[in-house]
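The values are calculated or read from the model by the stated rules, or taken from the named source; none is laboratory data. Keep in mind it's a predicted model, so treat the numbers as computed, not measured. Cβ placement follows ideal geometry from the backbone for every residue including glycine, while neighbour counts extend to all protein chains displayed. Just so you know, the surface numbers come from the protein's heavy atoms only, side chains and all, with ligands and any DNA or RNA stripped out. Shrake-Rupley method; radii C 1.70, N 1.55, O 1.52, S 1.80 Å.
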Amino acid sequence: MNTLTTRKQGIGTNVQLCTMMFMQYMLSAVWWVPLAAYLSHTLKLEVYQVSLVLSAMAIGAMASSFIGAIADRYFAAEKILAVLNILTGAFLLLAAQQTSFVPLMTCVVLAMLCHMPTQSLTSTIAMSHTPSEQFPRIRMFGSVGWVASGIFSVIALHVMHLSAFDDTNLPMYCGAAVCFVAALLNLRLPHTPPSVDKKAGISVMDITGFSAFSLMKDKNYRVFMILTFLAIIPFNLYHVYGSMILADEHVQNITVTLNLGQLAEMFFLVITTSILIKSGIKNTLIFGMIALVVRYTSFYIGAETGLQWFYYIGIIVHGLIFGLFFVGGQVYTDNVAPKEMKAQAQGLLFFLVWGIGFLIGTLWNGWLIGLFRDGDKCDWPVVFAISTLFSFILLILFVFLFKPVALKTDK
């Protein structure tokens, strides 16, 4: 009887954790994915202003380590997650009401400062209550939530008979609503107490993971980190400005269309481990880089020919890029880092790539778009050609400079 009760409790916990992931990534996608189109096509902000607003994600990523270090010492993870979701929802409500650059950017930055730390908090909560080998299955529900965010635009357009959704402020209101619902559900999550003694001090090394810089002594890891840092720049063009690109090309249902990439991501996340084991880390990363080249080559052909289905090729390979290259890179980092430095190594990778690198990519791609933009239309073939060439050069550098040892796997 006790075994049956324990099993039921385990199933209940897994359902709660999967729901947590589903809600957390849904609330992120429903407003962030179409934001660029809203800023450029509805509010008519200058391209550099759009870039600055969209840099909020990178700013939030850089600050998340600091907030996470505080939360680890003083708060139960599920409670701080609920508070952060409430604050994110409040700032989204304020952002939805702004039409000028400065107040809008302020609200979006504040929202991201609260939201980005939740990505690590949800992982912490999930891995505290389930075996580590079960985590990828739970995380996959985040991708399901991201894809499901498209239902808001479908409902708005077909059920509520609205003429537009993606390029309005409605996604922000929807994101806020999901935030508040998620916060209520967060309070029902299993208790996850602080993992570090309150008396422990917080150093710069704890916040940034800079102690993991010692890994840079390894030439291969140094090459990996530098090239990954650079690879986030072309990757950023689609990830941040995707809705602007599709809006310029008059693609309908932007959020639903972009979510095809996350739909493919669910599949590729499942098979990434098998590819890593069978092909090795170098080939896995190279496959991911090839997919990045394919994306912008497809976008280039689509922009030149006017055939929209080439854009769908570039969108669908998102799962290959993210799963094989970026998730593969996390696995490689975990593999080469000593046991006592694994968390710091992941923190350093997140800080440099998704923080500083993502910020540089947002600003660079915004400058590039502005450079080749004339009025309401951008010369996208030139932008895509530059991104394709940049990605191809990184691919060649990976092939010739990156020579890692085989991954250590558990037998």
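Brief remarks follow.
Conditions (1) hydroxyl-bearing (Ser, Thr, Tyr); (2) over 19 Å from the mean Cα position of the chain (by Cα); (3) over 20 Å from Val327 (Cβ atoms); (4) surrounded by fewer than 16 Cβ atoms within 10 Å (Cβ to Cβ), marked per residue:
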| site | (1), (2), (3), (4) |
| --- | --- |
| Ala82 | no, yes, yes, no |
| Val108 | no, no, yes, no |
| Leu113 | no, no, yes, no |
| Val144 | no, no, no, no |
| Ser153 | yes, yes, yes, no |
| Thr168 | yes, yes, yes, no |
| Val181 | no, yes, yes, yes |
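- Elements of the type helices (runs of 4 or more DSSP H) sitting completely within region 92-185 and holding at least 1 residues that are modelled with pLDDT of 90 or more: these cover 101-115.
- Among residues that are at pLDDT below 80, open to solvent by 50 Å² or more (accessible area, probe 1.4 Å), assigned to a helix (DSSP H, G or I) and within 18 Å of Leu320 (Cα to Cα), Leu260 is included.
- Note on region 272-307: residues that are more than 20 Å from the chain's Cα centre (by Cα), open to solvent by less than 70 Å² (accessible area, probe 1.4 Å) and under 20 Å from Met244 (Cβ atoms) total 7.
- As a summary of the residue check, Leu269 satisfies the conditions (1) part of a helix (DSSP H, G or I); (2) over 15 Å from the mean Cα position of the chain (by Cα) except for the one numbered (2).
- Tally, over region 186-209, of residues that are surrounded by 12 or more Cβ atoms within 10 Å (Cβ to Cβ), of a type in the set (A, V, I, L, M) and at pLDDT 80 or above: 1
- Total residues in region 342-380 satisfying the condition of being crowded, with 17+ Cβ neighbours inside 10 Å and not aromatic (Phe, Trp, Tyr): the figure is 21.
- If you go through region 210-254 and keep only what is assigned to a helix (DSSP H, G or I), open to solvent by 10 Å² or more (accessible area, probe 1.4 Å) and of a type in the set (D, E, K, R), you end up with Lys217, Lys219, Arg222.
- Qualifying residue in region 385-401 (condition: open to solvent by less than 70 Å² (accessible area, probe 1.4 Å) and in contact with an Asp or Glu (Cβ under 8 Å, 6 or more places away or on another chain)): no
- Elements of type helices (runs of 4 or more DSSP H) contained in region 306-388, each with 3 or more residues being among the aromatic types (Phe, Trp, Tyr): 309-316, 358-371
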